[in-house]
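I have placed the structure first, in the form of structure tokens, so that the comments after it can refer back to it.
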Amino acid sequence: MLREGEVRIPSGCAISGIINRSGQVFSGEDIIQSIALMHDRSNGLGGGFAAYGIYPEYADYYAFHLYYEGTEGKEQTEDYLNRFFHVAESGEIPTRKTRGIKNPPLAWRYFVRPKPNFLLEEENEDEFIVRSVMFINSEFKGAFVVSSGKNMGAFKGVGYPEDIGEYFCLENYQGYSWTAHGRFPTNTPGWWGGAHPFTLLDWSIVHNGEISSYGANRRFLEMYGYKLSMQTDTEAITYAFDFLVRKQKLPMDVAIATLAAPFWKDIERMSPEKQVLFKAVRSMYGNLLMNGPFSIILGSSQGLIALNDRLKLRSMVAATKGDFLYLASEESAIREICPDPEKIWAPRGGEPVIATLEKKGEQGYGTQYEYAGLSY
């Protein structure tokens, strides 16, 4: 038997992201090629992708991607959707036979809008969608929502990411922004619902690491109606961004500072105005502070954000060329698809890298940051 130090277990997961800031669309081939280069960082128990801009013909509809493990959950979900939503189109998500994919669930998609008469007083469509996603995931056995945003979709499952990409025929989709994940599960089983990305509305998260504060984060989010049913800490990160940005309407840089808060000694060196802001955030949302090693890529219809834990215990590299921003766990995964970037760097811990779809010079996410990566 091999002893400690005599065997290398290449764990740690792999993440990758690409965005064209001008909105130019491109196929999923590049993101598959990038994540495939980091094959040894995953173990075949999870892989997935999020893509933005892939459903322009249904841009005003919420695109529900659902997986079913049996017919009962499908019937219950479709009864629910037909009662509470206008369903513009539905059908099975195209797949192909792939050697590395075993026992996949039925994958189905629906383009829907809520029926206005079912919205609660002062409830908007986004809030109704969130309530519906929580209900389906927690109440219908064998059914779970993979993604629910507009003009975007998630494709994930049990397998290596390059096999998942092949299975879902991602070369046939055109998007302006893509993220990918290769999973090496540590505390949770490898199952189709537990693969990354995790999504809600148009938020998506791919994550390398482990959140040791998951219990505190989960209890805080459950107080505000979120139901964490997917058995993984990444789900908590997704809901935390939704809570802080969409519901609490915090600027993105303040939301980031909530999850990866600056050290107290760094806050003491800030301007008096910033000290007041950051101390207030730590006091109000302290239970959303994410402890533990992590690197994440947050996707949304506005762009991509990459973030490390404050000590940078997980790797992250960024690069730019023209209107493209590339993000990956390893530099080689960027050079595999962009051999000659104009700029390449390793962001510091707690330092976000932000790329928005907006015109250069304007600010996105309500934040002061441009995508070159600035520190507090």
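For the stretch 258-323, the per residue solvent-accessible surface stands at 42 Å², with DNA, RNA and ligands left out and a 1.4 Å probe. Structure remark: mean-square fluctuation, Gaussian network model of the chain, C-alpha springs under 10 Å; the largest value among 64, 184, 135 belongs to 135. Taking the helices alone, the chain has a mean residue ellipticity at 222 nm of -7000 deg cm²/dmol, built from -39,500 (n - 2.57) per DSSP H run of at least 4 residues and averaged over all its residues. Charge tally around residue 214: other residues with Cβ under 13 Å, Lys/Arg +1 each, Asp/Glu -1 each, net -2.
What the phi angles of the stretch 150-160 give under the Karplus curve with 6.51, -1.76 and 1.60, with θ = phi - 60°, is a coupling list of 8, 6, 8, x, 10, 9, 8, x, 8, x, 6 Hz, glycine and proline written as x. For the chain, the Cβ-based charge dipole about the Cα centre amounts to some 760 debye (Lys, Arg positive; Asp, Glu negative; other atoms uncharged). If the chain linking residue 273 and residue 89 were pulled fully straight, counting 0.36 nm for each residue of separation and taking away their Cα-Cα distance, it would gain 61.2 nm.
Straight Cα distances below 29 angstrom link residue 321 to the lysines 150, 156, 312, 343, 359, 360, with same-chain residues fewer than 8 positions distant left out. The stretch 317-356 and the stretch 194-251 have Cα centres spaced 25 Å apart. Averaged over residues, the count of other Cβ atoms within 10 Å places the peptides 122-128, 139-145 in the sequence 139-145, 122-128, highest first. A 1.4 Å probe run over the stretch 36-76, with the rest of the protein chains in place, finds 39 Å² accessible per residue.
Among the protein heavy atoms of the chain, carbon and sulfur supply 49% of the accessible surface, probe 1.4 Å, non-protein parts ignored.
The values are calculated or read from the model by the stated rules, or taken from the named source; none is laboratory data. Keep in mind that this is a model prediction, so the values were computed, not measured. Every residue, glycine among them, receives a Cβ derived from its backbone with ideal geometry; neighbour counts consider all protein chains shown. The accessibility values were calculated without ligands, DNA or RNA, using every heavy atom of the protein model including side chains. Shrake-Rupley method; radii C 1.70, N 1.55, O 1.52, S 1.80 Å.
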